[in-house]
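The values are calculated or read from the model by the stated rules, or taken from the named source; none is laboratory data. Everything numeric in this text was worked out from a predicted model, so none of it was measured. Note that each Cβ is placed from the backbone with ideal geometry, even for glycine, and that neighbours are counted across all protein chains shown. We work out accessible area using only protein heavy atoms, side chains counted, and drop any ligands, DNA or RNA first. Shrake-Rupley method; radii C 1.70, N 1.55, O 1.52, S 1.80 Å.
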Amino acid sequence: MGDVPSASTSTLYTLQDFELCAMAVDLETVHVEALPEGAFYISDFVTEDEEDWLVNKVLSAPQPRWTQLSHRRLQTWPSPLTNNNTLIAFPLPLWLESIIIPRLKDLGVFKDSPHQAPNHVLVNEYKPGQGIMPHEDGAAYYPLVATVSLGAPIVFDIYEKHGIEGPGTGAAETIRRPKPKYRILQERRSLLITRDKLYTDFLHGIAEVTRDEDLGPDFVCNWNLLREKAVYRGGWYERQTRISLTYRDVLHVTKMGNAMKFLGGR
């Protein structure tokens with residue numbers, strides 16, 4: 001498993017090069033049983049060629065699309081939420097929709113959400129040593145997240161809320177890092193679905209380390225669902241650049257005209 005390819009060196013594919021197969025998986029067979037209600041893991045959600053194509057699309061996005069944070073950089077599609085947590089209605093780009101969303105529909109992932117499909121995607125890039133403090137995604141979204149991992153594996157930490165929640169109720173609020181209650185290993189090309197109690201009652205984050213350790217069946221909740229257990233036989237993995245595509249359904253959506261009226265009346 002090498003580093004994430006650069007936009008200039010990745011094999012050039014077009015969407016027509018892929019046979020977009022249906023995702024014929026029963027979610028109950030990929031339920032992460034060691035976790036509280038609401039976690040599912042599919043190790044082979046996209047193919048290697050699809051992964052290369054998606055990574056190339058991420059890295060070739062115009063520079064203004066990137067937001068540089070202190071510990072990582074990200075893209076927000078189709079746009080950031082407004083100050084009152086509303087999404088301005090606009091379609092997702094074809095490259096974020098064409099492969100992933102039909103498979104999410106096949107799985108019935110968003111069938112109970114208000115729009116029955118994701119309408120918002122965050123693209124996060126994590127280089128070795130980068131991460132994100134424990135946080136919750138907040139009430140702007142339907143309580144379900146579908147995350148596709150590309151480029152390299154990473155450990156996703158889950159924390160109990162009780163006793164560590166910071167003041168206020170803002171989305172993605174950060175706190176001091178406690179010890180995780182659960183750990184999920186997200187392989188490249190995998191899909192992780194978190195919903196229900198796991199979304200509402202817990203925090204999640206990614207440690208700022210260059211090496212993920214304590215990798216084994218006693219410490220990784222989805223160990224039995226992993227595709228490449230032998231890679232982690234030594235109990236550790238040296239981090240490489242990982243990209244995540246995080247799909248959500250924003251509850252409140254408005255058309256551009258309505259948003260301009262709102263802004264004009266302030």
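Considering only residues that are out of contact with any helix residue (DSSP H, G or I) (no Cβ under 8 Å at 6 or more places or on another chain) and either open to solvent by 60 Å² or more (accessible area, probe 1.4 Å) or more than 20 Å from Phe40 (Cβ to Cβ) (or both), which ones fall in the range 206-226?
Ala207, Glu208, Val209, Thr210, Arg211, Asp212, Glu213, Asp214, Asp218, Phe219, Asn224
Here is a yes/no grid of residues against (1) at pLDDT 95 or above; (2) buried (at least 20 other Cβ atoms within 10 Å of the Cβ); (3) of a type in the set (S, T, N, Q); (4) not in a loop (DSSP other than H, G, I, E, B):
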{"site": "Thr169", "(1), (2), (3), (4)": "no, no, yes, no"}
{"site": "Arg176", "(1), (2), (3), (4)": "no, no, no, no"}
{"site": "Lys179", "(1), (2), (3), (4)": "no, no, no, no"}
{"site": "Leu185", "(1), (2), (3), (4)": "yes, yes, no, yes"}
{"site": "Leu192", "(1), (2), (3), (4)": "yes, yes, no, yes"}
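Cβ-Cβ distance below 6 Å, separation of 6 or more or different chains: which pairs start in the range 208-223 with a residue that is under 11 Å from Leu185 (Cβ atoms) and end on one that is surrounded by 14 or more Cβ atoms within 10 Å (Cβ to Cβ) and of a type in the set (A, V, I, L, M)?
Matching pairs, first to second residue: Asp212/Val155; Val220/Leu185; Cys221/Val32; Cys221/Ala34; Cys221/Leu35; Cys221/Ile184; Asn222/Val32; Asn222/Ile184.
Residues of the range 103-113 being within 18 Å of Thr246 (Cβ to Cβ) and open to solvent by 60 Å² or more (accessible area, probe 1.4 Å), which ones?
Lys105
Only one of Glu28, Glu33, Glu51 is in contact with a Gly (Cβ under 8 Å, 6 or more places away or on another chain) and closer than 20 Å to Val145 by Cβ. Can you tell me which?
Matching residue, one of Glu28, Glu33, Glu51: Glu51.
For the range 69-90, which positions are loosely packed, with under 13 Cβ neighbours inside 10 Å, within 18 Å of the chain's Cα centre (by Cα) and under 20 Å from Gly129 (Cβ atoms)?
Selection gives Leu69 alone.
Does at least one position in the range 56-68 carry a residue that is open to solvent by less than 40 Å² (accessible area, probe 1.4 Å) and under 22 Å from Ile193 (Cβ atoms)?
Scanning the range 56-68, I find at least one residue that is open to solvent by less than 40 Å² (accessible area, probe 1.4 Å) and under 22 Å from Ile193 (Cβ atoms), so the answer is yes.
Out of (1) assigned to a loop (DSSP other than H, G, I, E, B); (2) within 14 Å of the chain's Cα centre (by Cα); (3) not polar (S, T, N, Q), what's the single condition that is false for Glu33?
Status for Glu33: all satisfied but (2).
Where residues in the range 141-165 are modelled with pLDDT under 95 and closer than 24 Å to Leu251 by Cα, which of them is least open to solvent (accessible area, probe 1.4 Å)?
Lys161
Just to check your reading of the model, which residue among Val253, Val231 is modelled with pLDDT of 95 or more and not small (Gly, Ala, Ser)?
On inspection, the qualifying residue turns out to be Val253.
Being of a type in the set (Ser, Thr, Tyr), modelled with pLDDT of 95 or more and assigned to a loop (DSSP other than H, G, I, E, B) is the filter here; which residues of the range 46-81 pass it?
Passing the criteria: Thr47, Ser60, Ser79.
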